[in-house]
Amino acid sequence: MTRILLIEDNEDHAELIQRSLQKGFGKIHLKLSKSAADAYRVLERKSFDLILSDYYLPGIDGDGHIRELNKRAPKIPVVIITGQGDEKIAARSIQSGAEDYVVKTREALEALPAILKRAIVKHRSHQNKKSQEIRRHLSHQKRHAEKVLGEMEEINRHMKRLKRGKKGKSAPPKGGEDLSAIEQLTQQFESLKKFFKSMFVKK
């Protein structure tokens, strides 16, 4: 079942949109919010497959509203619908983060279910691509961290051998200071090693 949050302050328009979506989607869970503030509260409690919002809502700028929706629900696609067709507003809506822009005409309302389905698929594809890029980046970081850890291990082993050599010799007066410096470096390497393991390497 597709879950859609409809943000529309005009009851007549909301009813027309609801009829179109029920006809095109079949089973659908549609939640109506009549203001941006109410929609933000709803998003704190519930998740949706798509947000369909009027551009002109009382008390808020349309572009700011889109950005706020993306901030509060970054994984949910936003489609803007409005009664006034304006290419500049359409362009600003897309730039602000909307997935698509629809004018409230009879033809657009009939095609609305198909438009929303396409927006959902497009957004999910984009999210999957972004997730793959993040995984590749993390994998690269992990390989780099493991390489650094290997180099640190080698240096640490060398420091320990040097430390044992210092202990086995009759040290000059400053030998204690040299040994103390080696111990400090060894501790620093151990701390760095633990840090890298906690950040990048799975236990």
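The values are calculated or read from the model by the stated rules, or taken from the named source; none is laboratory data. Just so we're clear, the structure is a prediction, and the values are computed from it rather than from any experiment. Note: ideal-geometry Cβ built from the backbone for every residue, glycine included; neighbour counts use all protein chains shown.
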Set Leu30, Leu21, Leu43, Leu16: member being on the phi < 0 side of the Ramachandran plot and not in a helix (DSSP H, G or I)
Leu30
I need the full set of residues from the range 92-106 which are at pLDDT 90 or above and part of a helix (DSSP H, G or I), in order please.
Arg92, Ser93, Ile94, Gln95, Ser96
Among the residues of the range 65-84, is there at least one that is farther than 22 Å from Leu16 by Cα and without any contact (Cβ under 8 Å) to a residue 24 or more places away in the chain?
yes
Only one of these is in a helix (DSSP H, G or I), modelled with pLDDT of 95 or more and farther than 22 Å from Glu15 by Cβ: Glu133, Glu68. Name it.
Glu68
Yes/no for Leu109 being touching a Leu at 6+ places or on another chain (Cβ under 9 Å), buried (at least 17 other Cβ atoms within 10 Å of the Cβ), within 22 Å of Ser33 (Cβ to Cβ) and modelled with pLDDT of 90 or more:
no
Residues satisfying the stated conditions in the range 64-79, i.e. surrounded by fewer than 20 Cβ atoms within 10 Å (Cβ to Cβ) and under 16 Å from Ser125 (Cβ atoms)
Pro74, Lys75
What is the number of the single condition among (1) farther than 23 Å from Asn10 by Cβ; (2) touching a residue at least 24 places away in the same chain (Cβ under 8 Å); (3) assigned to a helix (DSSP H, G or I); (4) in contact with a strand residue (DSSP E or B) (Cβ under 8 Å, 6 or more places away or on another chain) that Ala119 does not meet?
(1)
Looking for something among the aliphatic types (A, V, I, L, M) and surrounded by fewer than 19 Cβ atoms within 10 Å (Cβ to Cβ) - is there at least one such residue anywhere in the range 52-61?
yes
When only residues in the range 29-45 that are over 20 Å from Asn10 (Cβ atoms) and touching a residue at least 24 places away in the same chain (Cβ under 8 Å) count, which is farthest from the chain's Cα centre (by Cα)?
His29
Among (1) under 16 Å from Lys117 (Cα atoms); (2) assigned to a loop (DSSP other than H, G, I, E, B), Pro74 falls short only on (1)
